[in-house]
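One structure is given below, encoded as structure tokens.
The values are calculated or read from the model by the stated rules, or taken from the named source; none is laboratory data. Computed from a predicted structure; not experimentally measured. Positions of Cβ are backbone-derived with ideal geometry, glycine not excepted, and every protein chain shown enters the neighbour counts.
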Amino acid sequence: MSDPPPTFLPSARREELEQIRTEHRRVSAIPHLQELLNAFPTPAVILNDCHQIVAANERFCTFLDRRDNELLGMRIGEALHCIQLPDGNYECGTPRFCETCGALQAMLNTPRRGGGDVQECTITLRTDEGERALDLRVTGSNLDLGGRFIVFALNDISDEKRRAVLERMFFHDVLNTVSAVRSLLEVLPALSDRDRPETTALALQLVQYLMEEIQAGSDLAAAERGELVVHVASLDAREILKRVGELYATHEVSRGKTVVVAEISRPYVVTSDRMLLKRILGNLLKNALEASVEGQQVSLGFHNHGAAAVFWVHNEAAMPEAVQLQVFRRSFSTKSPVGRGIGTYSAKLITERYLGGALSFTSSEEEGTTFTLTLPAPAAE
């Protein structure tokens, strides 16, 4: 690894440049250290006490498709093009989103604990093809080279996390829904003619929800591969909201809660994919219901805002700040360590990459939580 020019050091001030070069020379002078680093089965780097790269192995360079000398002085988030570092306005480790970053926690804990630290980290990268989410298991180990250094290894566990999500969906949500349908069908023959149609309709709604859940998993896999097919059509905003509200008004998560679809004074036409739009709004509505307690109300609606069509879902509860910082991460969950947070990640991915829109939220104790889905095409009367 040769010394790079200063232009390759986004996080290093000019006065730091010589120190980083000195640290690099010290590391490079140790016999066989680079060979040992290259022998790591995963991407790995050596960091100084400011968490800047002073050496990288071949797998790390291949993973990023960059030369080793381009990485000197960078921090991990900068090297990976983390989306939480917009336009170079922040250094890796300083934005508020970094407070919950597993990679940063491992870097901070390793010197304190002596024997090192292992954390999980969900990071979204900015690439030429768009955003790419990774689930990583990061390992930090102390390295005494006449100064404090850390050997930092990254293991991509995205497939492991994806399997956990699918298992969670099929072995819990899907099985619960199947059990509910079975219970309804078992009592159906004993019902009176008056009660049978209502129970049959409820069973059909649960089957519809089950199909939506299975299709959602398939769509997410296709979306991450860049293979999701979008079928754009002119849609009635009122009809979309009505169908989503009806689907979840009788769902188990709505028990003791009220679903309200806000009135739309005039018909509005939006241009989008019917199934994907309904699935995203349904996911947001379900999350809002799960975050609510008995007696609370969840509402959803639509308004035309200038050149944009805006759907919204609101619930009365506020999200804790720690949840707000991670809500769109693929494997983050407020309920379970096996990744129930996949829904908001999926909704954002499909909205922004395939529907050309934006998904955001606000949350406060005074106003509750509102998720806003904005489509770029103007709504036509």
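If you take the residues of the stretch 39-62 that are free of Cβ contacts under 8 Å to residues at least 40 places away in the same chain and touching a strand residue (DSSP E or B) at 6+ places or on another chain (Cβ under 9 Å), which of them is surrounded by the most Cβ atoms within 10 Å (Cβ to Cβ)?
So the residue we want is Ile53.
Give just the number: which of (1) farther than 30 Å from Ala223 by Cα; (2) touching a residue at least 24 places away in the same chain (Cβ under 8 Å) does Arg112 not satisfy?
For Arg112, the failing item is (2).
Just to verify a result, which residue in the stretch 197-217, among those that are at pLDDT below 80 and among the small types (Gly, Ala, Ser), is farthest from Ala347 (Cα to Cα)?
Within the stretch 197-217, the match that is farthest from Ala347 (Cα to Cα) is Gly217.
Is at least one residue of the stretch 94-105 charged (D, E, K, R) and closer than 21 Å to Val45 by Cα?
No - not one qualifying residue is present in the stretch 94-105.
Of the conditions (1) within 24 Å of Val181 (Cβ to Cβ); (2) touching a Gly at 6+ places or on another chain (Cβ under 6 Å); (3) small (Gly, Ala, Ser), Ala216 satisfies every one except a single condition; which number is it?
(2)
Give just the number: which of (1) crowded, with 21+ Cβ neighbours inside 10 Å; (2) in contact with a Phe, Trp or Tyr (Cβ under 9 Å, 6 or more places away or on another chain); (3) modelled with pLDDT of 85 or more; (4) not acidic (Asp, Glu) does Thr344 not satisfy?
Going through (1) crowded, with 21+ Cβ neighbours inside 10 Å; (2) in contact with a Phe, Trp or Tyr (Cβ under 9 Å, 6 or more places away or on another chain); (3) modelled with pLDDT of 85 or more; (4) not acidic (Asp, Glu) one by one, Thr344 breaks only (3).
Considering only residues that are among the polar types (S, T, N, Q) and within 27 Å of the chain's Cα centre (by Cα), look in the stretch 233-284 and name the one that is nearest to Asp173 (Cα to Cα).
In this case the residue turns out to be Asn283.
Considering each of Ala237, Ala223, Ala233, Ala190 in turn, give the residue that is assigned by TED's automatic domain parsing to the domain that holds Gly295, under 24 Å from Gln297 (Cβ atoms) and either exposed (fewer than 13 other Cβ atoms within 10 Å of the Cβ) or among the aliphatic types (A, V, I, L, M) (or both).
Answer to the selection: Ala237.
Being among the small types (Gly, Ala, Ser) and within 23 Å of the chain's Cα centre (by Cα) is the filter here; which residues of the stretch 197-218 pass it?
Ala216, Gly217, Ser218
Right, Ala288: in a helix (DSSP H, G or I), at pLDDT 90 or above, surrounded by 20 or more Cβ atoms within 10 Å (Cβ to Cβ) and in contact with a strand residue (DSSP E or B) (Cβ under 9 Å, 6 or more places away or on another chain) or not?
yes
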